[in-house]
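*Asks:* First the structure, then my questions, so here it is.
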Amino acid sequence: MATPVEKWVEEQARLAKPDRIWWCDGSEEEARKLMEIGMKKEKILDYPLFWELNQKTWPTAYYHRSHPTDVARTEQLTFVCHPKQDQAGPNNNWMAPAEAKEKLTKLTDGCMRGRTMYVLPYMMGHPDSPYAKSCVQLTDVSYVAVSMRIMTRMSKGVLDKIGNSETFVKGMHSVGDFDPNRRFIMHFPQESLVWSIGSGYGGNALLGKKCFSLRIASCLGQREGWLAEHMVVMGIEDPQGKITYITAAFPSACGKTNLAMLQSALPGYKVWTIGDDIAWLNVGPDGRLYAINPETGFFGVAPGTSMKTNPNMVHTLKAGKFYPTLFTNTGFDLDRMEPWWEGYDAPTPAKMVDWQGKPWTPGQEGKVAHANSRFTVSMYNAPTLSREFDNPKGVPISAILLGGKRTQLVPLVTEAFDWAHGVFLGARTGSETTAAAAHQVGVLRRDPMAMLPFCGYNMGDYFGHWLSIGQRLKHPPKIYGVNWFRTDEDGKFIWPGFGDNIRVIKWILDRVNGRIGAKETPLGLVPHTADLDVSGLSIPKDKMEKLSEVDRPLWQAEVQDIDKFLNSFGDHLPAEMRRQRDMLVKKLG
Ligand code: OXD
Ligand code: MN
C-alpha cells in the first residue's frame with residue numbers, strides 16, 4: 001500500500017510529468033552525483049548549472065549562475081492563501097486557495113517534461129527535537145536538491161519517521177521557464193503546503209527556508225503556541241566562561257550572518273553560533289523561552305564578506321568539510337577558477353566574468369558580483385559552531401535584540417521597560433531597504449521584528465500572539481532595540497559595527513545579569529556613558545552622545561508614521577499596542 005507521501009508524490013508527478021523520479025537519501029555520494037549531473041547534463045539553463053571551483057583554494061566549492069531575472073525574493077509574486085483575506089492581513093498578498101490552485105495547476109501541468117523530479121525528504125530541526133517538523137520537497141533542479149542537503153537535515157530516515165502519517169510539510173517546486181510573468185510563490189497554511197514555480201532563487205526555491213520555516217511555521221506557531229522568527233541565535237561566552245544565549249532579528253542584509261559568528265573586538269568574549277537567519281521559539285517547561293535553529297546551513301550574502309568583516313565565515317567557506325559549498329552570482333576568475341566579490345580581501349583578479357557571465361575588468365562600471373550574490377555552506381564547517389547546536393531542546397534565551405537599519409533617530413541600543421513594551425518596540429521597527437528582495441533600495445519601510453515579508457498571517461494578530469507568549473513566560477528574556485547604522489552629518493556611520501558590536505552585547509549581558517543600571521528615556525533604557533565599553537575606539541564624545549540621543553520633535557513626527565502603519569491593521573491591532581503608543585506620546589511630552 002502506498003504511503004501518504006508516495007501518493008502525494010505520484011499525484012504531483014502526474015501533473016508535472018517529469019521523465020523520471022529520483023528519491024533522494026541526502027548522502028554525500030548522492031550529492032556528488034547531482035553535482036556531476038548539474039555540471040554536464042541537466043539542461044535547465046543554456047549553460048551548465050555548476051562549474052567546479054579550484055579545489056585547492058576552495059575545497060568542495062562550486063559556482064552557479066542563476067537566470068538573470070532570478071536573483072532575489074520576489075515579494076510581489078509571493079502569496080499566502082488563507083480561506084479569508086483578513087487572515088492574511090495587509091502584510092501579505094492574498095489569493096483565495098481555489099483560485100491560486102487553479103492558476104498553479106495550469107502552470108505546473110507538464111512543467112517537468114524532459115526533467116527529473118527530485119524527491120527531498122528533510123527535517124527542519126533536529127530529528128530528536130519535539131519542535132522539529134518532517135517535510136518533503138519536490139524540485140526539478142539539482143541546484144535546489146544539493147542546496148537543500150546543505151540547508152536542512154535531509155535523509156531517507158525522514159520517510160520512515162513520517163510513515164503512514166498524513167502530517168508532513170509539502171513543498172512543490174519547479175523552476176518552470178523562469179518567466180517572471182509565470183512565477184508564483186504560494187503558501188497554503190491550512191495544508192502546510194508551499195507551491196513555488198518559476199524561480200530557482202534560494203528564498204523562493206529552498207522551500208524549507210523562508211516559505212516553510214517562517215511563513216507556514218508562523219501560522220503553525222500561532223495555532224500551537226510558539227513563534228517562528230527571522231532571528232540569529234547565538235551564545236556569548238564571557239571572560240568567566242559563562243555562556244548566555246540571545247536571539248536577534250534584523251531585516252535581510254543588515255549583517256545577521258556577520259553578527260551570528262562575530263569575532264569579538266573585546267578580549268575574553270567569544271561568540272558561539274546556533275543560527276544566522278531563523279529561530280523557532282518555544283516556552284520551555286521551566287517558563288523560559290527556548291530557541292532552536294531549524295536549519296543547518298548559511299545562505300549568506302557574499303559581497304562585503306572578508307577577513308575583516310567576518311573572518312569566521314571566510315574560514316567556514318574554505319573549510320571543505322561538508323560537501324558541497326556553493327557560490328551563486330559572484331564574480332568568477334576563470335584563470336584561477338575562483339569566486340570573487342566586491343569587498344573580499346584577496347586582490348581583485350585582473351580578468352573575470354561577472355555574475356551574468358560577461359567579461360569584466362577591474363575599474364569598469366558596475367559590479368562583478370550581484371549585490372545579492374550568495375554562498376550556501378554548511379554550519380558544520382563553522383569554527384564558531386555552538387556545542388548546543390544539535391541539542392534537541394534548544395537553548396534558553398536571556399535577551400532578544402530587534403533591529404533595523406536607521407541612519408537617523410533610533411538609538412544604538414534601547415532596553416524595553418517590559419515584554420509588552422518590547423513587542424511595541426519591535427512593532428514600530430523600520431529599516432531602510434536592501435537588495436535581498438526585488439524592490440527599491442534605501443527607502444524606509446516598517447518591518448516589525450524583521451518579519452514583514454515572512455509573517456504568514458495578519459501582523460495585527462501576530463503582535464497579539466507575541467503578547468500571549470509573554471504571558472506564558474515566567475522568566476521572559478529582556479527585549480532590546482538595536483541600530484548599528486546611525487550616521488553623522490557627513491553621512492558616515494558613527495558606530496564601527498562588525499566585531500565591535502560585542503560592546504553593545506556586553507552591555508546587554510551586564511543588564512541581563514543585573515550588574516549595571518541604565519538611563520531612562522521616553523523610548524526605553526539606554527546605557528550610562530561609562531557602562532558602554534568603548535576602550536580602544538576613538539568615537540568623539542559628542543558622537544557617542546548622539547548614539548543615545550532622543551530627538552523629541554523628530555520622534556513626534558515619527559509617531560505619526562508609526563500610527564499610519566499600526567492603523568493599517570485595523571481591529572486586528574491589540575489594544576495593548578495602542579496603550580503602548582499612547583504611553584510613548586505621553587513620555588515624549
Ligand atoms: C535571506 C533574506 O535570504 O532574508 O535570509 O532575504
Ligand atoms: Mn533572512
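The values are calculated or read from the model by the stated rules, or taken from the named source; none is laboratory data. What you see is a predicted model, and the numbers here were worked out from it, not measured in a lab. Neighbour counts are summed over all protein chains in view; Cβ atoms, including those assigned to glycine, are modelled from backbone coordinates with ideal geometry.
*Asks:* Considering only the range 477-490, I want to know if a residue exists there that is touching a strand residue (DSSP E or B) at 6+ places or on another chain (Cβ under 9 Å) and among the acidic types (Asp, Glu).
*Replies:* Let us first name the residues in the range 477-490 that are touching a strand residue (DSSP E or B) at 6+ places or on another chain (Cβ under 9 Å), namely 477-487.
If we keep only those that are among the acidic types (Asp, Glu) as well, we get none.
Checked against the condition, which is being touching a strand residue (DSSP E or B) at 6+ places or on another chain (Cβ under 9 Å) and among the acidic types (Asp, Glu), the range 477-490 yields no hits at all.
*Asks:* Would you mention how many residues in the range 438-489 are of a type in the set (S, T, N, Q) and modelled with pLDDT under 95?
*Replies:* The total comes to 2.
*Asks:* Which residues, counting only those in the range 533-583, are under 17 Å from residue 500 (Cβ atoms) and surrounded by 11 or more Cβ atoms within 10 Å (Cβ to Cβ)?
*Replies:* Of everything in the range 533-583, those that are under 17 Å from residue 500 (Cβ atoms) and surrounded by 11 or more Cβ atoms within 10 Å (Cβ to Cβ) turn out to be 533, 534, 537, 539, 543, 544, 546, 547, 548.
*Asks:* May I pose another question? If you go through the range 245-263, how many residues are in contact with a strand residue (DSSP E or B) (Cβ under 6 Å, 6 or more places away or on another chain) and either part of a loop (DSSP other than H, G, I, E, B) or at positive phi (or both)?
*Replies:* Number satisfying all stated conditions: 5.
*Asks:* Residue under question is residue 503, and the condition is that it be closer than 30 Å to residue 239 by Cβ, crowded, with 19+ Cβ neighbours inside 10 Å and not small (Gly, Ala, Ser); does it hold? I'd like the intermediate steps shown before the answer.
*Replies:* Working: closer than 30 Å to residue 239 by Cβ: yes; crowded, with 19+ Cβ neighbours inside 10 Å: yes; not small (Gly, Ala, Ser): yes.
Considered against the rule, which asks whether it is closer than 30 Å to residue 239 by Cβ, crowded, with 19+ Cβ neighbours inside 10 Å and not small (Gly, Ala, Ser), residue 503 comes out as yes.
*Asks:* Report the residue count in the range 474-500 for those that are within 23 Å of the chain's Cα centre (by Cα) and loosely packed, with under 14 Cβ neighbours inside 10 Å.
*Replies:* Residues in the range 474-500 being within 23 Å of the chain's Cα centre (by Cα) and loosely packed, with under 14 Cβ neighbours inside 10 Å: 0 in total.
*Asks:* Pick from 355, 340: which is within 13 Å of residue 301 (Cα to Cα) and more than 16 Å from ligand 1 (Cβ to nearest atom)?
*Replies:* Only one candidate passes the filter, namely 340.
*Asks:* Looking at the range 309-320, can you tell me whether even one residue there is within 16 Å of ligand 1 (Cβ to nearest atom) and either under 13 Å from the mean Cα position of the chain (by Cα) or on the phi > 0 side of the Ramachandran plot (or both)?
*Replies:* no
*Asks:* Still on this model: Being free of Cβ contacts under 8 Å to residues at least 24 places away in the same chain, of a type in the set (Val, Ile, Thr) and closer than 22 Å to residue 588 by Cα is the filter here; which residues of the range 497-532 pass it?
*Replies:* The one that is free of Cβ contacts under 8 Å to residues at least 24 places away in the same chain, of a type in the set (Val, Ile, Thr) and closer than 22 Å to residue 588 by Cα: 529.
*Asks:* Out of (1) under 22 Å from the mean Cα position of the chain (by Cα); (2) closer than 30 Å to residue 207 by Cα, the odd one out for residue 505 is which?
*Replies:* Going through the list (1) under 22 Å from the mean Cα position of the chain (by Cα); (2) closer than 30 Å to residue 207 by Cα, residue 505 breaks only (2).
*Asks:* Show me the strands (runs of 3 or more DSSP E) entirely contained within the range 1-80 in which 1 or more residues are hydrophobic (A, V, I, L, M, F, W, C) and crowded, with 21+ Cβ neighbours inside 10 Å. Break it down stepwise before answering.
*Replies:* Working: elements: 20-23, 61-64, 78-80.
Once the strands (runs of 3 or more DSSP E) in the range 1-80 are filtered for at least 1 residues that are hydrophobic (A, V, I, L, M, F, W, C) and crowded, with 21+ Cβ neighbours inside 10 Å, what remains is 61-64, 78-80.
*Asks:* So in the range 256-280, with the set limited to residues that are away from ligand 2 (no atom under 16 Å from the Cβ) and hydroxyl-bearing (Ser, Thr, Tyr), which one is surrounded by the fewest Cβ atoms within 10 Å (Cβ to Cβ)?
*Replies:* 264
*Asks:* Can you tell me which residues in the range 240-286 are more than 16 Å from ligand 1 (Cβ to nearest atom) and among the small types (Gly, Ala, Ser)?
*Replies:* Those that are more than 16 Å from ligand 1 (Cβ to nearest atom) and among the small types (Gly, Ala, Ser): 241, 264, 265, 268, 284.
*Asks:* Take the residues of the range 287-308 that are more than 15 Å from ligand 1 (Cβ to nearest atom) and either modelled with pLDDT under 95 or assigned to a strand (DSSP E or B) (or both): which is farthest from residue 373 (Cα to Cα)?
*Replies:* So the residue we want is 289.
*Asks:* Just need a number here: residues in the range 324-355 that are part of a loop (DSSP other than H, G, I, E, B) and in contact (Cβ under 8 Å) with a residue 60 or more places away in the chain.
*Replies:* Qualifying residue count, the range 324-355: 6.
*Asks:* Please go through the range 93-128 and pick out each residue that is polar (S, T, N, Q) and within 27 Å of residue 453 (Cα to Cα).
*Replies:* 93, 105, 108
*Asks:* Given (1) within 16 Å of ligand 2 (Cβ to nearest atom); (2) surrounded by fewer than 24 Cβ atoms within 10 Å (Cβ to Cβ); (3) within 30 Å of residue 84 (Cβ to Cβ), identify the lone condition not met by residue 253.
*Replies:* Condition not satisfied by residue 253: (3).
*Asks:* May I ask you to say which residue of 303, 285 is closer than 23 Å to residue 379 by Cα and not aromatic (Phe, Trp, Tyr)?
*Replies:* On inspection, the qualifying residue turns out to be 303.
*Asks:* If a residue must be away from ligand 1 (no atom under 11 Å from the Cβ) and over 16 Å from residue 256 (Cβ atoms), how many such residues does the range 194-232 contain?
*Replies:* 25
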